[in-house]
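Trainee: Before I ask anything, let me first share the structure, which is written out below as structure tokens.
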Amino acid sequence: MAQWDALVDAALARLASRNLLRATRPIALAPPPAPPETFAGPGPWDRAAVEIQLDRATLHQWLAEGGEATGQEEEVDEKLILFSGNDYMGLSSHPAIRKAAVKAAQEYGMGPRGSALICGYTTYHKLVEESLAELKKKEDCLLCPTGFSANMAVMTALGSVSSILSVGRKPAEGERIAVFSDALNHASIIDGIRLVERQQEVVAFVYKHCDMHHLDFLLSSCSIEKKVVVTDSLFSMDGDFAPLPELVKLRRKYGFLLVIDDAHGTLVCGENGGGAPELFGCENDIDISVGTLSKAAGCQGGFIVCSNRWKRLIQSRGRSFIFSTALPVPVVASVYAALHVSKKERWRRSVIWRHVQYFASLTKLDLTSPIISIVVGSEEAALRAGRHMLRSGFHVTPIRPPTVPQNSCRLRITLSASHSLDDIKRLVDALSPWLPDKHDEQTYVMASKL
């Protein structure tokens, strides 16, 4: 958007005049080996992504949680099928990812240990940034240690625009940035907004979850010129998508900066794994997209894809990026391999969505994503359901406050390309006491987390 480009350019010019612009200087490493081997279908390694084991002490501690202990040790199988992770593509156990990490560790150890602006940034980091920018159809990319730190860096850099342009004083309320945040955004977005709000750089507005009429009302009622809308693309606890096409229409109407957290959409959604924006055909309408490498990529880390001007600002003012040690080289090498595998093994995405359809056909639930939220109500009910799933051979963690509001405790289930149809059928059988009747509408309070 022209207004925001001009604002960021002015902020960059102000920083340059004070010698406060920072840039990474990559340490040269040998190019990665030839592209890793990929496969036409699942292999035995895929089961390692979903077959886990708990030790007996942990198992019985979990069973005793919530005060249902009988005093007698139960005989429960320690081997479980994992249905609560975020490794949607099943890449965490892929041979290519393992080999890439091992080879990099053998050659470089953990690599230079320092922040990206000091010595932690290498040509491997640069390669991954270029790959992610290409995947997301953005000009540039910035790797971060985690998805949480990436969101924090974006928010602090955003807030800094108003401070940089208000020389020698705190910005007046009309000079601040109005940030409009979905009520169910991730904690990292919320914490970033709270921080810059406390620094008197932004004014925060919370709109009802995915409610475009409420957002439109708030935007039209706000006299602050600089506006930003930030939302998760795929909500981690509810499994629903933000209405990106409607957000794009409002962006054209009001000229706000549109920032999304595509943590759960990246590599999962879209023909190429470009995420929710690719799925909804609006990649060019997203200004800044944050993501993680610890979910569908099966590795670790976070990233921000954006224009080059935004990258320069974030790496100069995003404190969680500036003051964090860069990702270790073996992790970055594994990410590079994971991105290649994701591109070649497209069948993994197809399997995920077939699993979603299969789960829906068994339960008659209306599902939109591999994240399935079975709301059971009270904390006690969630713990009881979690114990039942454990006894049935499944790792499904009960989700309770503060992650979700009171009386909306739930079983959060995630489907992976590594699951089998038999895994899903047995899971649904175990879930049957908690599956909502199709004729009974489940309602619960959806309180803002901000």
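Each reported figure results from applying straightforward, stated rules to the coordinates on display, with no laboratory input. Predicted model only: the values in this text are computed from it and were never measured. Backbone-built Cβ (ideal geometry, glycine too); neighbour counts: all protein chains shown.
Trainee: In the chain, what % of DSSP beta bridges are antiparallel (nearest 5)? Mind dumping the intermediate values first?
Mentor: Numbers: 22 of 44 bridges.
Beta bridges within the chain, antiparallel portion: roughly 50 percent.
Trainee: Pairs LYS249/LYS311; LYS253/LYS344; LYS138/LYS364; LYS126/LYS343; LYS208/LYS344: which exceed 30 Å Cα-Cα?
Mentor: LYS253/LYS344; LYS138/LYS364; LYS208/LYS344
Trainee: Which whole-number percent gives the relative contact order of region 97-344, counting Cα pairs below 8 Å spaced six or more residues apart?
Mentor: Values: 493 pairs, mean separation 80.1, N = 248.
The value is 32 percent.
Trainee: Sequence gap at least 6, Cα distance under 8 Å: using those rules, report the relative contact order of region 251-291 to the nearest whole percent. Can you show the working numbers first?
Mentor: Values: 53 pairs, mean separation 17.3, N = 41.
Averaging sequence separation for qualifying contacts and normalising by length gives 42 percent for region 251-291.
Trainee: Follow-up question, since we're still on this one. Counting helices only, and only those DSSP H runs with n ≥ 4, report the 222 nm mean residue ellipticity of the chain as the sum of -39,500 (n - 2.57) divided by its residues, in deg cm²/dmol to the nearest 500. Present the calculation step by step, with values, prior to reporting the outcome.
Mentor: On the way: 15 runs with 181 residues, N = 450.
Only helices count here, giving -12500 deg cm²/dmol.
Trainee: Can you give the % of DSSP beta bridges in region 97-344 that are antiparallel, to the nearest 5? Display every interim value, and only then the final one.
Mentor: On the way: 11 of 30 bridges.
If we restrict to bridges inside region 97-344, about 35 percent are antiparallel.
Trainee: Let me ask another. Relative contact order of region 252-408: what whole-number percent is it, with Cα pairs under 8 angstrom and at least 6 residues apart?
Mentor: 14 percent
Trainee: Just report the Cα centroid separation between region 132-200 and region 361-378, whole Å.
Mentor: Comparing the Cα centres of region 132-200 and region 361-378, I get a distance of 32 Å.
Trainee: Taking the Cα centre of region 97-344 as the origin, how large is its charge dipole in debye, to the nearest 20, when only Lys and Arg (+1) and Asp and Glu (-1) carry charge on their Cβ atoms? Present the calculation step by step, with values, prior to reporting the outcome.
Mentor: Details: 28 positive and 26 negative charges, 154 e Å.
The dipole of region 97-344 has a size of about 740 debye.
Trainee: Mind jotting down the distance between the C-alpha centroids of region 1-64 and region 210-281, whole Å?
Mentor: 22 Å
Trainee: Sticking with this one: If we sort 163-172, 83-92 on the protection proxy, mean other Cβ atoms within 10 Å, highest first, what's the order? Working shown, then result.
Mentor: Numbers: 163-172: 13.4, 83-92: 23.6.
Peptide ranking by packing, descending: 83-92, 163-172.
Trainee: Which residues' amide hydrogens lie under 5 Å from the amide hydrogen of THR122, considering only partners 5 or more residues apart or on another chain, with H built in the peptide plane?
Mentor: Excluding prolines and chain starts, which carry no amide H, the hits are ILE27.
Trainee: Could you work out the pair-distance distribution P(r) of the chain from its alpha-carbon pairs, with 10 angstrom bin width and percents rounded to whole numbers?
Mentor: Bins of 10 Å from zero give 4, 20, 28, 26, 16, 5, 1, 0 percent of pairs.
Trainee: When the chain is treated as a GNM, springs tying every alpha-carbon pair under 10 Å, which of GLY109, GLY159, GLY147 comes out with the largest mean-square fluctuation?
Mentor: Maximum fluctuation in the GNM of the chain, among the listed residues, is at GLY109.
Trainee: May I ask which residue of HIS355, SER342, SER369 lies farthest towards the positive end of the charge dipole of region 336-375, with charges of +1 (Lys, Arg) and -1 (Asp, Glu) on Cβ and the Cα centre as origin?
Mentor: SER342
Trainee: What dipole magnitude, in Debye to the nearest 20, does region 315-368 give about its Cα centre under +1 on Lys/Arg Cβ and -1 on Asp/Glu Cβ?
Mentor: Values: 9 positive and 2 negative charges, 28 e Å.
For this selection, approximately 140 debye.
Trainee: With +1 on each Lys and Arg Cβ and -1 on each Asp and Glu Cβ, how big is the dipole of the chain about its Cα centre, in debye rounded to the nearest 20? Numbers along the way, then the final one.
Mentor: Numbers: 50 positive and 50 negative charges, 324 e Å.
Roughly 1560 debye, rounded to the nearest 20.
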